[in-house]
1. Among all the lysines, which ones have a C-alpha under 30 Å from residue 16's C-alpha, if same-chain residues fewer than 8 places away are not counted?
2. Can you compute 3J(HN,Hα) from phi for each residue in region 201-211, using the Karplus curve 6.51 cos²θ - 1.76 cosθ + 1.60 with θ = phi - 60°, rounded to whole Hz and x for Gly and Pro?
3. What's the exposure ranking of 173, 185, going from fewest to most Cβ atoms within 10 Å?
4. How about region 1-78: which GluC sites (Glu not before Pro) there lie in a loop by DSSP and see at most 11 other Cβ atoms within 10 Å?
5. What number, in percent, do you get for the relative contact order of region 89-170 if the mean sequence gap of Cα pairs under 8 Å and at least 6 apart is divided by its residue count?
6. Just in region 176-229: which trypsin sites (Lys or Arg not before Pro) are loop by DSSP and have at most 14 other Cβ atoms within 10 Å?
7. May I ask you to evaluate 6.51 cos²θ - 1.76 cosθ + 1.60, the Karplus curve with θ = phi - 60°, for each residue of region 10-25 and list the ³J(HN,Hα) values in order in whole Hz, giving x for glycine and proline?
8. Given R₀ = 30 Å, what would the calculated FRET efficiency be for residue 65 paired with residue 13, taking r from the Cβ atoms and rounding to 0.05?
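Bear in mind these aren't lab numbers, they're just calculated from the coordinates by the rules spelled out. The structure displayed is predicted, hence computed values, not measured ones. Cβ placement follows ideal geometry from the backbone for every residue including glycine, while neighbour counts extend to all protein chains displayed.
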Amino acid sequence: MNVVELEDVTFRREGKQILHGISLEVREGEHWALLGANGAGKSTILGFCGALTHPSSGAVSVLGRRLGRVDLQELRRAIGHVNPRHPLRSPLTVREVVLTGLHGSIETPPRRKAEPEEVDRADELIETFGLTRRAEERWPTLSQGERGRVLIARALISRPRLLLLDEPSTGLDIAAREQLLETIDLLDRTHPRLASIVVTHHLEELPASTTHALLLKEGRVVVAGPATEVLTTAHVSDAFDHPIRVTFADGRWGARAVARSAR
């Protein structure tokens, strides 16, 4: 079953063409990566997948419902979104932050007390991601890596069928990045039917569980398909308009620019 389907989608903003004829199919259990240089159109596509943006032309269907013909608020509740720039101001606890995912809110809704089964669900996710000892800790005291894991738990508490991760490794050091990627890889076992899409600039930030990839260049698809076929030296060099050597070892990708002397 297709979880996301884009058919010949275009998008214009302030008279500028951002996307040109984008088509994409994401099926249940697949884990996609969207890669490309700054301004390639990755975030715009993620906005379609999250039912946040409408195309200028073409068709977008998410979870079997076509944008423009569906209650967007209802649809968005079935989509988990992880944004490392989560704009939380209040010193909520880890558990409280996870519970805000039930309503898609940033702060705890006023006069809304969580039901016991909701708290149990939050605690189950907190335990799954190794945060039980931090459940009562306040958001400002958490490391960036811990915040990333909390945000994934928050995104999953509503039992979504689609998980969107917008540059989830932003601001993380190497150790925290690896811990976060291990958490994302864990979803392949704990939520086997969940589809996911991650946006990043860096191949090193791709989870080992990545199954498919789409490379963008100036709003057009360079190539899309199984990750091992897409993320090659030739395709990545084309997408970034620069000679880049791609490596793949132990389930993880790497990329380095080719030195001029080596060309």
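1. Excluding near neighbours in sequence, the set is 42, 217.
2. Once θ is set to phi - 60°, the couplings for region 201-211 become 9, 10, 4, 5, 9, 7, x, 5, 7, 4, 9 Hz.
3. 173, 185
4. Sparse-neighbourhood loop GluC sites (Glu not before Pro): 14.
5. 42 percent
6. 193
7. 10, 8, 10, 9, 6, x, 9, 7, 9, 10, 10, x, 7, 10, 7, 10
8. Here the calculated transfer efficiency is 0.80.
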